[in-house]
Every structure is written in structure tokens, then in C-alpha cells.
1. Residue under question is Pro177, and the condition is that it be in contact with a strand residue (DSSP E or B) (Cβ under 8 Å, 6 or more places away or on another chain), under 22 Å from Val113 (Cα atoms) and either assigned to a loop (DSSP other than H, G, I, E, B) or not charged (D, E, K, R) (or both); does it hold?
2. Give the residues of the range 263-295 that are touching a residue at least 60 places away in the same chain (Cβ under 8 Å), farther than 25 Å from Arg229 by Cβ and either surrounded by fewer than 21 Cβ atoms within 10 Å (Cβ to Cβ) or near ligand 1 (Cβ under 10 Å from one of its atoms) (or both), sorted by residue number.
3. For residues in the range 195-215 being over 21 Å from Phe310 (Cβ atoms) and open to solvent by 50 Å² or more (accessible area, probe 1.4 Å), which is nearest to ligand 2 (Cβ to nearest atom)?
4. Exactly one of these conditions fails for Arg251: (1) under 26 Å from Tyr157 (Cα atoms); (2) open to solvent by less than 20 Å² (accessible area, probe 1.4 Å); (3) more than 12 Å from ligand 2 (Cβ to nearest atom); (4) of a type outside the set (Asp, Glu). Give me its number.
5. When the range 210-229 is examined, which residues are found to be in contact (Cβ under 8 Å) with a residue 60 or more places away in the chain and of a type in the set (Val, Ile, Thr)?
6. Are any residues in the range 203-241 closer than 23 Å to Gln130 by Cβ and either away from ligand 1 (no atom under 16 Å from the Cβ) or among the hydroxyl-bearing types (Ser, Thr, Tyr) (or both), and if so, which ones?
Amino acid sequence: MATFLLSKPCFYPHSSSTHLYRRDVFQRHSIVKYSLRQYHHTPAAATVADGVHQREPFGLILPGAPNTRSPTPTPNTSSATDAKPVTNRPLSHQILNPGMIVLRNHISIRDQVDIVNICHTLGVGPGGFQQPGYSSGSKLQLQRMCFGRNWDPETKYRERYRNDGSIPPPVPPVFIPLVQSLIQDAQAHLTSANEIPLMRPDVCLVNFYTATGRLGLHQDRDERPYSIRGGLPVVSISIGDAGEFLYGHTRDEDKLQKVVLESGDVVIFGGKSRLIFHGVRGIFPNSTPLPLLEKIKLRPGRLNLTFRQF
Ligand SMILES: O=C(O)CCC(=O)C(=O)O
Ligand SMILES: [Fe+2]
């Protein structure tokens, strides 16, 4: 039976290095239990006769075996006890703005695999991935699935049903403690925990960008006033290919700042940055870490989950 672990980083230095190492803190749960028992009873499949849109299932995991190539050899200068994090990137953080932080490499490869598995299973089911668009016919340059509440570029959170007649699955419960522990990790780096308040995620947008994917500059401002005015943070997890993320308190492209988000990175923006403008300018193709591709045949591209409290 497949298992599901959400491990969070642990802030204690390894005895022989300044790198920080993870500790697994959550119990393993069954992904099969979550994805199949809980969610696959959602509404009947849409048909053309209903006058609703058909949708091609979009899977995150490609058929076939994962990449079994061993990672590029690196000179082994360390002793046997001097273990390296699996992606060779240390845990670190960067405060980007008041109320906005990036936690680097905070999602373990094992958890990334489990997150991909959950999003794949739900993504091919009712309420799964589709390319959002406008009534004019123009489309966003990504595949998207919502958890908890339907969000549409025109009707925002107002329409319960999607154009294919389905409703989104709820936020998988196993994500809730993960998101909350990420917020707590962020708070530990701030002068005051109030800069990024704790929240309980009940909605999430799950985006998948292929090599040509992107997302225009926008604010996440459609959640309830309680959430927006309270500065309850958006917690954004990136997996797969790296992406160039733009942000700033302005729409002026020249004044925006940018940061490259890699697999396992987490951006949190709340408090004074809750309404920050942000977008994804592009994807760096073939930049998914090999240790991830050795465990799961993730489709080329970038997966991003943004959790919010509605
Ligand atoms: O993909 C990202 O990093 C950002 C996604 C985002 O801003 C959104 O879905 O609202
Ligand atoms: Fe956003």
C-alpha cells in the first residue's frame, strides 16, 4: 500500500556541518485512502448531452518507470557520517519583504513524491486539472485544479460548479498540518510571529506549468475580507522544474523583484505582503532534481500549490 509522509524540516545543526537537516514528524497515511475513498465519489462525469464541457484528463505522472540514471557523480570529499541533504541544497530562508519569506528546500523529496501522487490522483478525477480560460476564449498558460472551492478567472470563488459540472475536491486533510508547520517555521525567522499569522487552509489552487507556462502579474484578493484584512498568508509550495517568480508592491514590471523557486521551496506571503503583486515569468525546462525523477516520473514542468484560508 502506498504511504504518505509529510516531513518538516528540523532546525538543528548537523554535528559536522552548518547545514540544517530534516526530521520526519508526521505519521504516514495512506494516499490510497485519501485519494480514492474520500474524493472519487464527487459528481457524475460530465457529458456533451448535458451541455457542459468535456475535459481530457491531465496526469502529472507519465506512464513508464521513473528515471533510474544515477545522479551525476560528485567528488566525495566528505566522511561517511557527513550526510548531505538529498538535493544537495541546504535548508535556508530569505525574507523577501515584510510578511513575505521563502523557505528553501523545505519539502523533502519523499514528501514531494507524495504531494505529486495526491495531485496526480485527484487531478485526473472529477474536478481535476483543466486549463482555465475566459469567455472570450483566451486561456491561462497553465493547467489548474482547485481544492476546497472552485475559483474561475471571471466568476472568482462565486460559482460552486465548474464548466464541466464537477466541484473541486476538499483540501486533502494531510496537507493542513504541513501548511501550518511551514507557517510556524516561517514565524520562527521573524521578529514577531504577527508578521505572518497562522491560518487553517481550506482552499488551494494547484497549478501545473509546462515549459511554456506562465502566470501574469496579479494579487490573490478573492478570499473573504477576514482572510485578506487579517493578512492570513498564502502558502505556496513548488515542485519540479524551477520557475522565475516576480513580486512587488507595484504593477510596474521594471520595479518588480524576482526570485527563482526550485523544487521543495516554499514562499509564504501574509501580513503586510498579503496583497503583493506576483506572477510567474517563466519555467526553466529540465531543471527538476534528479533525486525526484528517480522516484517518480513527473511530467516535465512545474507544480505549484497555493494554500489559503477562504
Ligand atoms: O506558481 C506560482 O508560484 C504562483 C501561483 C499563484 O500565484 C496563484 O495561483 O495564484
Ligand atoms: Fe497568486
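The values are calculated or read from the model by the stated rules, or taken from the named source; none is laboratory data. These numbers were taken from a predicted model, which means no experiment stands behind them. Cβ sites come from the backbone with ideal geometry, for glycine too, and all protein chains shown count toward neighbours. Just the protein is used for accessible areas: all its heavy atoms, side chains included, with ligands, DNA and RNA removed. Shrake-Rupley method; radii C 1.70, N 1.55, O 1.52, S 1.80 Å.
1. Answer is no for this residue.
2. Within the range 263-295, Asp265, Val280, Arg281, Gly282, Ile283, Pro285, Leu290, Pro291, Leu293, Glu294, Lys295 qualify.
3. Among them, the one singled out is Arg214.
4. With respect to (1) under 26 Å from Tyr157 (Cα atoms); (2) open to solvent by less than 20 Å² (accessible area, probe 1.4 Å); (3) more than 12 Å from ligand 2 (Cβ to nearest atom); (4) of a type outside the set (Asp, Glu), Arg251 is out only on (2).
5. Thr210, Thr212
6. Scanning the range 203-241 gives Tyr209, Thr210, Thr212, Ser236, Ser238.
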